[in-house]
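Reading through the structure tokens given below for one structure.
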Amino acid sequence: MKIKVIVTPKNGVLDPQGKAIQQTLNSMNFIDVSEVRQGKYFEIETDLKDEKDAKKNVEDMCKKLLANLVIEDYKIL
Amino acid sequence: MKSSVIIFPGSNCDRDMDVALKKFGFKNKMVWHNDNVIPKSDLVVLPGGFSYGDYLRCGSIAAKSNIINSVIEFANKGGLVIGICNGFQILIETGLVNGALLRNKYLKFICKNVFVKANKTQNKYFNKIKKDILELHIAHNDGNYFCSEDDLKLIQDNDQIAVEYCDINGEVSEKSNPNGSMKNIAGVFNKKKNILGMMPHPERVIDNCLSSNDGSYFFENLLSNMK
């Protein structure tokens, strides 16, 4: 089973890469873009058969490794 | 005094640290990250570099390596632990010190000498140091210190800010902040102040033939406070 996770910078945490992407998009004439936040996307292949168990396990992984909860939020899709 | 420097895959300041520690009189041992136990030590150093290629987040993979449990145990017993640059990032990822280190504000890898002001109160690292405005070297991409407002209040109330970026006269201002760090923070202590994490590299400036000799004050002072 494949579990998908998105990790993004928390609101209020400076995201200089997102800012640079936004400025570049603006300079490419995408003038409607007012903010970009850059995150990470993970696809985790697990041997567990039960989706609930697998998601619970992935949640543990997020807390312990995949996200730094001081600066990032995670979302299991 | 005995010290141990941990080597992770991708560490590149481990040997500089070994040279510096030995120069000032430490009996130093190099310890591989895959070992489970640190040799008997008075000081443990997590060196700078790019452990595990900075994959995922700087320091995050090294923070889960075999040796880290014994480093945490050593630190929790009050042992002195220093993390320099990537070592600071590893300390952050283990949770031994508060906060996070974000990408530098202007997205540039910064490699230059800076001045930092040391906090001399109640810690073995800077107490009685002969010079408290130090010219040290920084070389990092992710040194932009960040923590929550609550954590900032905690570390301020407990006097845990160890070093701040400043100018040659010791003035701490936005102008002397190289990377966007909150409150110009270049390094922090844990609550008990036996753990020091900082971005600047004292081990790179330990001889007059180098760009600064101010790292010498740091090591000399630390050794004399440990005796």
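The values are calculated or read from the model by the stated rules, or taken from the named source; none is laboratory data. In this text the structure is predicted, and so the values were computed from the model without any measurement. Counting neighbours? That spans all protein chains shown, and the Cβs are built from the backbone with ideal geometry, glycine included.
Sort through B:Ile129, B:Ile110, B:Ile138 and tell me the only one that's within 14 Å of chain A (Cβ to nearest Cβ) and under 17 Å from B:Ile84 (Cβ atoms). Answer to the selection: B:Ile110.
The residues of the range B:172-227 that are over 19 Å from B:His137 (Cβ atoms), of a type in the set (S, T, N, Q) and surrounded by 14 or more Cβ atoms within 10 Å (Cβ to Cβ), listed by number, are B:Asn190, B:Asn194, B:Ser224, B:Asn225. Of note, B:Glu203 does not satisfy the criterion of being in a strand (DSSP E or B) and touching a helix residue (DSSP H, G or I) at 6+ places or on another chain (Cβ under 7 Å).
Filtering the range A:64-75 for residues that are touching a Leu at 6+ places or on another chain (Cβ under 9 Å), at pLDDT 95 or above and part of a strand (DSSP E or B) leaves a non-empty set.
Scanning the range B:78-99 for residues that are part of a loop (DSSP other than H, G, I, E, B), facing chain A (nearest Cβ under 10 Å) and in contact (Cβ under 8 Å) with a residue 24 or more places away in the chain returns B:Asn98, B:Gly99. Restricted to the range B:100-122, and to residues that are in a loop (DSSP other than H, G, I, E, B) and in contact with a strand residue (DSSP E or B) (Cβ under 6 Å, 6 or more places away or on another chain), which residue is farthest from B:His201 (Cα to Cα)? Once the filter is applied, the top-ranked residue is B:Lys105. Test B:Ser148 against the criterion of being small (Gly, Ala, Ser) and either surrounded by fewer than 19 Cβ atoms within 10 Å (Cβ to Cβ) or without any contact (Cβ under 8 Å) to a residue 12 or more places away in the chain (or both), and give yes or no. Against the criterion (small (Gly, Ala, Ser) and either surrounded by fewer than 19 Cβ atoms within 10 Å (Cβ to Cβ) or without any contact (Cβ under 8 Å) to a residue 12 or more places away in the chain (or both)), B:Ser148 qualifies.
For (1) farther than 21 Å from A:Leu66 by Cα; (2) surrounded by fewer than 16 Cβ atoms within 10 Å (Cβ to Cβ), each residue gets a yes or a no:
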| residue | (1), (2) |
| --- | --- |
| B:Ile61 | no, no |
| B:Phe74 | yes, no |
| B:Gly78 | yes, yes |
| B:Phe115 | yes, no |
| B:Asn144 | no, no |
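Filtering A:Asp32, A:Asp15 for residues that are free of Cβ contacts under 8 Å to residues at least 12 places away in the same chain and either out of contact with any Leu (no Cβ under 8 Å at 6 or more places or on another chain) or within 14 Å of another protein chain (Cβ to nearest Cβ) (or both) leaves a single hit, A:Asp32. Return yes when B:Ile138 is crowded, with 16+ Cβ neighbours inside 10 Å and closer than 30 Å to B:Asp207 by Cβ and no when it is not. Criteria met by B:Ile138. The set of residues in the range B:141-173 that are more than 14 Å from chain A (Cβ to nearest Cβ), small (Gly, Ala, Ser) and part of a loop (DSSP other than H, G, I, E, B) comprises B:Gly170, B:Ser173.
Checking each residue in the range B:28-80 for being under 24 Å from B:Glu220 (Cβ atoms), basic (Lys, Arg) and out of contact with any Pro (no Cβ under 6 Å at 6 or more places or on another chain) picks out only B:Lys40.
As for the range B:15-27, it holds no residue that is more than 18 Å from B:Glu220 (Cα to Cα), crowded, with 16+ Cβ neighbours inside 10 Å and either among the basic types (Lys, Arg) or at pLDDT 95 or above (or both). Just to be sure, is A:Lys4 in contact (Cβ under 8 Å) with a residue 60 or more places away in the chain and within 23 Å of B:Met182 (Cα to Cα)? No.
Each residue in the range A:2-47 was checked for being of a type in the set (S, T, N, Q), under 17 Å from A:Asn68 (Cα atoms) and in contact with an Asp or Glu (Cβ under 7 Å, 6 or more places away or on another chain), and 2 pass. Out of B:Lys191, B:Lys128, one residue alone is modelled with pLDDT of 95 or more, farther than 23 Å from B:Val71 by Cβ and of a type in the set (Lys, Arg). It is B:Lys128.
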